[in-house]
Every structure is written in C-alpha cells, then in structure tokens.
Amino acid sequence: MEEDQQTTFSHTFVHRVLGIPELLDMIFSYLGDRSNATNATVCKQWAEVALDKLWSDVDDLYRLFGLLAPLQRTVGGTYVFARVPNSSDWSRFEKYSRRVRCLRYTAGESKRELDRRAFDDIARTRTSLSILPSMRTLHWDANLPLCVMFMHSSIKTFVVRLPDVMDTETVFAPFIHDVVARMTALQDLDVRTNVAMNAIEDTMVLLFDRTKRLKKLTLPRFDLTTKIAEALARLEELGTIEFQYHVEQGRGDPGDIRSFRPSLTEGAFPALWDLSMTVQFEDAARFMSGTFAPANITMLYIDSSQDIEKPSGVHNLLTILSQHCHLLKSLSLVSLCDTVFDDEQITLDTLKPLFNCPALLCFELIHQLPVNLQQEDIEELAQSWPSLETLLLNCEPIHLGNSSLSLRALLPFSQHCPNIQRLGLFVNAITDDLPKLFQSGQPSPYQPFKKLQRLSMGVSIIHDEGAVALFLSQLCPLQCSLESGVTWEDGVMVGQAVFDVIQDRCLRWDKVAEVLPLLTKLRLEEAERTKSLQLEVDDLRMRTGVLMGKEMMKSGDSCNIV
C-alpha cells in the first residue's frame, strides 16, 4: 500500500514538472525537429511548446507554405501551388505563421525552390498584410521585390544581400522606400553587397535619414563614406557601426574612402559606443579630434589596410585617442601588410600614449614589420598596464626575420597582468635564455597566468618544440589554447619561400599545442603531489618533535642520589 502511494506521488510530481511551459521550452530547445514533431502529438500543452520550437526559425519556404496549400513540381523543377490558396487555408495557416520569429531565405539554396508564381499567389490571396505577424528577424538573399510582402512594422532585424547587378532607379530605390515605409521599428540593419557605395550612396542616405530607431548597422568594407557618416551622425539611437571581413558581407570600393572628411554638427553620434572604420590613420585622427566627434565610444576598430602606416602615424593616432576618448576600452589598429620592406619599426615610444588611456583593456595591432621592443620595454609595458585583458601585439608580421623578443617576454604579463585572457606576441622562441629553474624541473619562480584562455604565437620563430612546450606548461593554465598562423587577406601576395617558412613554423607550433594540455596537466598533478608530500613531511616533523620532547622530559625526571 505504501509502495503504491509513493509510486502515485512520483508520477504526479513528474507530471506536474513536465507541465511547466518554461521547463518544457528549455528541454525541447535541445531536441531536433523530428523529436519535437513527436512531442507536438503528446498533448495540447506540449503541442503549443513543441510547435513554437518547430516554427520559430524557418529557412525552408517550401516546408512553411506547404502548410498553406499543396505544392506541386513544375517542368522547370520549381514548385507552385496545386490550387490557389483560399481564406480557409489562410485561417488554418495562421496556427503556424504566428509562431515564426525568424525567416531566412537564400535563392537557389533549397532543393525545393518556390516558383515566382507561388510568391504571386501568396501576395495576392493573403488575408492580412502581415503574413508572419510575429516575425522579428528577416534574412533575405533573393529577388528584392519578393521580399516586400514579408515586411511589416514589427521587424527589428533585417539582413539583406543586394545583387551585384541591379537597376538602382527601378529596383533598388523603390525597395529602399518600402523598407522605410514598412519596417518602421527597424533596429538592426545588415547590408551585404559588392556594389560600390558611390553607386547607391544617395539612396542609402535617404534610408538612414528615415530609420530613426536604428541601433546597429553592419556594412561591407569601404562603405562608411563621408556622406554616409554624416547621415549616421544624426541617428539618436545608433550605438554600433561595424563591417565584417567574410565573403558573404561583400566588399566596397576602396576609392570611396580615400578622402574621409565628415562635417559633423553639435549632438552628432549621441549614442555611439562601438565604431569600426576602414580609413587611413591620418583621417581617423582628424575625425576623432573634431569638435563634435564621438568621444564616448568604448570600442574602436580602424582598418587602414590600403596603406602602409608609418610609426609616426600610429603614434599620432594613439595620442589623439588618449586625449579625446577617455572611455575607450577596446582598440584595434590594422595597417597594410605588404612585402615592400620599410625599416621604420614601431617602438615603445610609439605605443606610450596607450598608458594615458585609463579605461583601455584590449589592444590589437597588425603591422607589416615586427615591433622593435626589448625585454625591458615589455617589463615597462606590463607594469604600466596591470588591468590589461587582451593584447595582440603584431604576432603575424609579413616580414618574418628575427624578433628582438624571446619567450621571456611572456613572464612580465603573467606577473603584472592578473586579468589577461588573450596574449599574442611575435617572438624568437629560443630556449637558451630561459631561466635555469624552468629547464631543471624545479618549481617556477614566476607566477603562472591565472585567466589566460588564448595564447597567439602567430608566425613566431621556433626550433625546439619540446623545450618550448615544457616552458609553456609551467605558465599556461589548463584551459589555455595555443594558436598560430596568419589572418592576412587572400590578396596579400607572398613568395613561395615565405609561404614555406610560415607553414614550417605553424606545423611546429601545432606540435606544441598538441602536447601542451598533457604537460600542463602533469605539472598540476606534480604540484599537487609535491604539496601532499610537503604536508606529510611537516606532519612527521611535528610528530618527531613531540616524541623527542617526551624523551627529554623522561630523562629530566630521573634523580641521582649521592
């Protein structure tokens, strides 16, 4: 009887737990479509949660609109409706359409592509202007006019791929007018195209003038022109302007940003905190030193990869930023990597303005030549920057000659920068000058990194993989990953000899990365065993001391009678 009561209670408890919508939503999020399709048939409560998961993110229009009316294959391989959808179909379809939060469509990607006639039937027979009323995100890489039927005022994120060839007057301009009129709550816009900004600049300015609630903008490289910057400066809620390097984002015309001289007025960029630009360092310095420049930014990424920047230009830009951007937390400077040799190297004096940026936590520098820093310079850099979290100090220069730094350059950062999580240096990883205590297997006299997660060695020089791995195992925590290689663009041309050197070094660093976790684990276990043995030794010493004390007391109690 008692067993039956316990079983009943257990079943009731499990039933109540699995009836909590939030818990079901969490569980179903880990399941695939087939499992959730089965879950939708269990009961009405499960069906609601499972259907939300099934239709929340849609990337197959055939699968979605197959629920509206039957689809059949044409001779050309595309699909059309077997019959025209009617109001009853749309009423039934509403059960699924209201669950769609994100729609992603790329023409030609699906094996079951909808025909243009199917889109026409959808647009003509729909019973509501909002086909997917709960949709908040729309990704579109297809015929632009077809996208219009899915637009509505609740969409907040719009990712659109513009065709490489299009009529700007009859296609693009009307499309932008539809975006402005229909997506009035747009907050995040991602424009992907290879069309030069000079061909569509006036229309884009119109777009930005009318999307007042825009908070984030992503453009191809070289598309943040003078006119575009001036238009964006008037947006009161815009917080992020960025570009991406991936091929899908596209690439503009470098000539469009050759002269970057925006004329800003009072109140420009009131909410901007994250800015990425592809301009020369000289233009960036002039822009950031202006009277109405966005001085409150916390993240700044400047790519001047069309020009070889001199150390003097880097120093001038850093000086301007240290004087005007006191809230800056993250700074990245990218200069052109070219095989043309220039003997002007970046030194500590070039970087010293960074010490006057009190909030700066992350700094990245890419330049064609290795930085000319000595060990004492690294010591000063680390001591002057204890709050540092990320430092990538040109670990992949295109000129692969010698480096003035060795593995010793890691030690000041482990000692003075307790919060550093990512570190990248170009060094000559020789073992001759390593502390003897490291080589002899004795405890390290230096403090290991506490929070380091990624150590980027780029194209650093390496010969003895074993000795390097042993050294790093005493500095790096177990969760730290070792990286090597280059992130140069495909357009950077290097000779076969340079390519062979890079490949050889990367293979050697890969060997170090392979054994480093095992060696680090062994070091930690060895340290734990040493600690245990030390405790045992201390305990034995204490016991020995107690016993010797007792023996002395016994010998002191004896009396001699004369």
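Considering only region 194-215, I want to know if a residue exists there that is farther than 21 Å from LEU333 by Cα, among the polar types (S, T, N, Q), within 24 Å of the chain's Cα centre (by Cα) and open to solvent by 20 Å² or more (accessible area, probe 1.4 Å).
Filtering region 194-215 for residues farther than 21 Å from LEU333 by Cα gives 194-215.
Keeping just the survivors that are among the polar types (S, T, N, Q) gives 194, 198, 203, 211.
Still in the running and within 24 Å of the chain's Cα centre (by Cα): 194.
In the following step, the residues that additionally are open to solvent by 20 Å² or more (accessible area, probe 1.4 Å) were identified as 194.
Scanning region 194-215, I find at least one residue that is farther than 21 Å from LEU333 by Cα, among the polar types (S, T, N, Q), within 24 Å of the chain's Cα centre (by Cα) and open to solvent by 20 Å² or more (accessible area, probe 1.4 Å), so the answer is yes.
Determine, yes or no, whether SER91 is out of contact with any strand residue (DSSP E or B) (no Cβ under 6 Å at 6 or more places or on another chain), more than 26 Å from THR157 (Cβ to Cβ) and surrounded by fewer than 14 Cβ atoms within 10 Å (Cβ to Cβ). Yes.
Being in contact with a helix residue (DSSP H, G or I) (Cβ under 7 Å, 6 or more places away or on another chain) and either among the polar types (S, T, N, Q) or in contact (Cβ under 8 Å) with a residue 12 or more places away in the chain (or both) narrows it down to one residue among PRO370, PRO397, PRO386, PRO358; which is it? Show your work before the answer.
Details: PRO370 fails: in contact with a helix residue (DSSP H, G or I) (Cβ under 7 Å, 6 or more places away or on another chain); PRO397 fails: in contact with a helix residue (DSSP H, G or I) (Cβ under 7 Å, 6 or more places away or on another chain); PRO358 fails: in contact with a helix residue (DSSP H, G or I) (Cβ under 7 Å, 6 or more places away or on another chain).
One residue alone meets the criteria, PRO386.
Please tell me if ALA69 is under 22 Å from ARG124 (Cα atoms), open to solvent by less than 50 Å² (accessible area, probe 1.4 Å) and either in a helix (DSSP H, G or I) or modelled with pLDDT of 90 or more (or both).
Working: under 22 Å from ARG124 (Cα atoms): yes; open to solvent by less than 50 Å² (accessible area, probe 1.4 Å): yes; either in a helix (DSSP H, G or I) or modelled with pLDDT of 90 or more (or both): yes.
When the stated conditions are applied, ALA69 passes them.
For PHE172, state whether it is of a type in the set (Phe, Trp, Tyr), in a helix (DSSP H, G or I), touching a helix residue (DSSP H, G or I) at 6+ places or on another chain (Cβ under 9 Å) and at pLDDT below 95. Judged against the criteria, PHE172 is a match.
Of everything in region 404-424 that's open to solvent by less than 10 Å² (accessible area, probe 1.4 Å), of a type in the set (Gly, Ala, Ser) and modelled with pLDDT under 95, which residue is farthest from the chain's Cα centre (by Cα)? Within region 404-424, the match that is farthest from the chain's Cα centre (by Cα) is ALA409. Identify the residue in region 252-273 that is buried (at least 16 other Cβ atoms within 10 Å of the Cβ) and charged (D, E, K, R) and, among all such residues, is nearest to the chain's Cα centre (by Cα). Looking at the filtered set, the residue picked out is ASP253. Residues in region 216-232 that are open to solvent by less than 10 Å² (accessible area, probe 1.4 Å) and not in a strand (DSSP E or B): PRO220, PHE222, ASP223, THR225, ILE228, ALA229, ALA231, LEU232.
None of THR184, THR203 is among the hydroxyl-bearing types (Ser, Thr, Tyr) and part of a helix (DSSP H, G or I) except THR203.
Taken as a whole, the condition of being among the acidic types (Asp, Glu), over 18 Å from THR193 (Cβ atoms) and open to solvent by 20 Å² or more (accessible area, probe 1.4 Å) applies to GLU282. Listed by position, the strands (runs of 3 or more DSSP E) contained in region 250-347 that have at least 2 residues being touching a residue at least 12 places away in the same chain (Cβ under 8 Å) and among the small types (Gly, Ala, Ser) are 330-335.
Please work out if LYS111 is of a type in the set (Lys, Arg) and either within 24 Å of ALA40 (Cα to Cα) or modelled with pLDDT of 95 or more (or both). It is false that LYS111 is of a type in the set (Lys, Arg) and either within 24 Å of ALA40 (Cα to Cα) or modelled with pLDDT of 95 or more (or both).
Counting the residues of region 67-123 that are closer than 25 Å to LEU162 by Cα and of a type in the set (D, E, K, R) gives 11.
The values are calculated or read from the model by the stated rules, or taken from the named source; none is laboratory data. Bear in mind the structure is a predicted one, so any value in this text is a computation, not a measurement. Heads up, the Cβs are rebuilt from the backbone with ideal geometry, glycines too, and the neighbour counts pull from every protein chain shown. All accessible areas refer to the heavy atoms of the entire protein, side chains included, with ligands and DNA or RNA removed. Shrake-Rupley method; radii C 1.70, N 1.55, O 1.52, S 1.80 Å.
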